[in-house]
Amino acid sequence: MTTTVIARRRGGVLRQRNFFLLWTGETISGAGSSMAAVGVPLLAVTVLHASTFAVAVLTGAAYLPWLVIGLPAGAWVDRLPVRPLMIACDVISALLFASLPAAAWLGALTTGQVVVVALLAGAANVFFSTAYQVCLPSLVTAAELVDGNAKLQGGASVATIAGRGAAGLAAEAVGAATALLVNAASFLASAACLLAIHPAASAPAAHDPATHPAAPSPAVSAARAGGVLAQTWDGIGYVARDPYLRLFTVYAAVSNFAYTGNLALVVVFLVRVVGLGSAAVGLLMAAGGVGGLLGALTAPRLTRAFGTARTLVLTTVASGPAGLLIPLTARGPRIACFVAGSMLVAAAIVVGNVILGSFRQHYCPPALLGRVTASMRFLAYGMIPLGALLAGALGTALGTRGGLWIVQVIFAGSAAFLLTPRIRTARNLPDHPGAP
């Protein structure tokens, strides 16, 4: 009986103590972050009366550190113990977000402080999310990676539903600034769960070095002996040479560029164009979390039925037309356009994240996983602030609805990168470099 069948019969990887702690901490932290994703723009729009472009800058600021420290972060993650690093990032993020309500109570809150907090918290997230990708394969087996990633994405989607819905309600009840205290507390909860993990009880490593002939041990040893710069270039070179990693990096960069443009404009659009209040905005934003949860629940079934490559192509292509529903939103029955579009796009994104995250964790050599992850995210996440700035400029020049139309068309077109014969004609993505 295979490991996958056993895990499915017993309830999956959530039955494993270490994974359950990781999942619990990240779900709680995700709820707080989802509150901040809605609460910070609401704070800017309703309290600081920021312009459309300023709100877009806030959205992009959280991801700007990927362009500055994204590459060397991978080398540091491969050098440092990942769990203590993740705990330190959680504590730093908690202190940063707690400073916002403190400044508001003192009457000293400014847009500049919000931008600085977003930048510094984004820098902590660079290290945390890179280490997070390295941590998961040490807690589950290779056969459990899809199940583990699906459950983590499912938890994140539940957190999105709860966090975004609660953000609008909390902003109306206690104010947008005070509501951010929940985000600060969520990072401390994540740190507590990480502290409780027992590394000695972790599952066997999810990688077999024999399946990664593209990265022989002498090369890995030499990389470890070199400096941070040499290690960083090692990860960049590995991604640039590999046809799958290179393709997925470019696709993610274009997709993130457009999707973040949507996120940068949507709160302004719902408040100032559609004419909704904070509570209604939070509830509508939670629709994406519902779609993400559905995507996480169906991802393992879809990949078993159709294969990882086919599922990735089908869901990605379908998400483009769904995104075009969002700019059609208006008061009354056309609110359904936003709900349907957000749910379908989020479901497709989560399915893609499950597939590509599991692929990278299984496909890459363990000693290079941090650097490969950081190298891919340098471009993929580095495009996010640029997308936010473009969206802000488009929203200012053409109106928020016009800007949304343009970024959604770009998002739909990003699926074309996955229609190459290498991906389109395959049933499954390969398990290791050189595999058919």
Quiz item: Would you call ALA340 modelled with pLDDT of 90 or more and farther than 26 Å from GLY402 by Cα?
Solution: no
Quiz item: What pairs come up if the first residue lies in the stretch 420-432 and is open to solvent by less than 80 Å² (accessible area, probe 1.4 Å) and at pLDDT below 90, the second is polar (S, T, N, Q) and not in a loop (DSSP other than H, G, I, E, B), and their beta carbons are under 8 Å apart, counting only those six or more places apart or on different chains?
Solution: HIS432/THR211
Quiz item: So which helices (runs of 4 or more DSSP H) stay within the stretch 37-113 end to end and still have 3 or more residues that are over 23 Å from LEU229 (Cβ atoms)?
Solution: 52-61, 82-105
Practice problem: Considering only residues that are crowded, with 24+ Cβ neighbours inside 10 Å and among the hydroxyl-bearing types (Ser, Thr, Tyr), look in the stretch 365-399 and name the one that is nearest to the chain's Cα centre (by Cα). | Solution: TYR381
Quiz item: Does SER375 meet the test of being modelled with pLDDT of 90 or more, part of a helix (DSSP H, G or I), touching a helix residue (DSSP H, G or I) at 6+ places or on another chain (Cβ under 8 Å) and polar (S, T, N, Q)?
Solution: no
Exercise. State whether the residues of the stretch 419-433 include one that is at negative phi, in contact with a Cys (Cβ under 6 Å, 6 or more places away or on another chain) and of a type in the set (A, V, I, L, M, F, W, C).
Key: no
Quiz item: In this structure, is TYR251 hydroxyl-bearing (Ser, Thr, Tyr), more than 19 Å from ALA56 (Cα to Cα), within 16 Å of the chain's Cα centre (by Cα) and in a helix (DSSP H, G or I)?
Solution: yes
Quiz item: Is it the case that the stretch 325-332 has a residue that's open to solvent by less than 40 Å² (accessible area, probe 1.4 Å), part of a loop (DSSP other than H, G, I, E, B) and free of Cβ contacts under 8 Å to residues at least 60 places away in the same chain?
Solution: yes
Quiz item: For the stretch 104-137, which residues satisfy the criterion of being touching a Pro at 6+ places or on another chain (Cβ under 6 Å) and surrounded by fewer than 24 Cβ atoms within 10 Å (Cβ to Cβ)?
Solution: GLY122, ALA123
Practice problem: Filter the stretch 400-419 down to the residues that are in a helix (DSSP H, G or I) and more than 22 Å from the chain's Cα centre (by Cα), then identify the one that is surrounded by the fewest Cβ atoms within 10 Å (Cβ to Cβ). | Solution: GLY402
Practice problem: Return yes or no: is ALA36 open to solvent by less than 30 Å² (accessible area, probe 1.4 Å), touching a Leu at 6+ places or on another chain (Cβ under 7 Å) and at pLDDT 80 or above? | Solution: no
Exercise. Quick one: LEU283 ticks every box in (1) open to solvent by 20 Å² or more (accessible area, probe 1.4 Å); (2) modelled with pLDDT of 85 or more; (3) on the phi < 0 side of the Ramachandran plot except a single one, so which number is it?
Key: (2)
Exercise. Give the residue that is nearest to VAL290 (Cα to Cα), with candidates limited to residues of the stretch 333-343 that are in contact (Cβ under 8 Å) with a residue 24 or more places away in the chain and surrounded by fewer than 23 Cβ atoms within 10 Å (Cβ to Cβ).
Key: MET343
Practice problem: Would you please name the residue that is most open to solvent (accessible area, probe 1.4 Å), looking only at residues in the stretch 288-308 that are more than 26 Å from THR260 (Cβ to Cβ) and touching a residue at least 24 places away in the same chain (Cβ under 8 Å)? | Solution: PHE306
Exercise. Those residues that are more than 23 Å from GLY275 (Cα to Cα) and not in a helix (DSSP H, G or I), I need them from the stretch 302-324; list them, please.
Key: GLY307
Quiz item: Which members of the stretch 297-317 meet the condition of being of a type in the set (Gly, Ala, Ser) and at pLDDT below 90?
Solution: ALA299
Practice problem: Output the residues belonging to the stretch 1-33 that are closer than 18 Å to ALA159 by Cβ, open to solvent by less than 50 Å² (accessible area, probe 1.4 Å) and modelled with pLDDT of 80 or more. | Solution: PHE19, LEU21, LEU22, THR24, GLY25, GLU26, THR27
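The values are calculated or read from the model by the stated rules, or taken from the named source; none is laboratory data. Treat the numbers as computed from the prediction; the structure is a model and nothing was measured. Cβ: placed from backbone, ideal geometry, glycine included. Neighbour counts: every protein chain shown. Note: accessible area is taken over every heavy atom of the protein model, side chains too, but ligands, DNA and RNA are not part of it. Shrake-Rupley method; radii C 1.70, N 1.55, O 1.52, S 1.80 Å.
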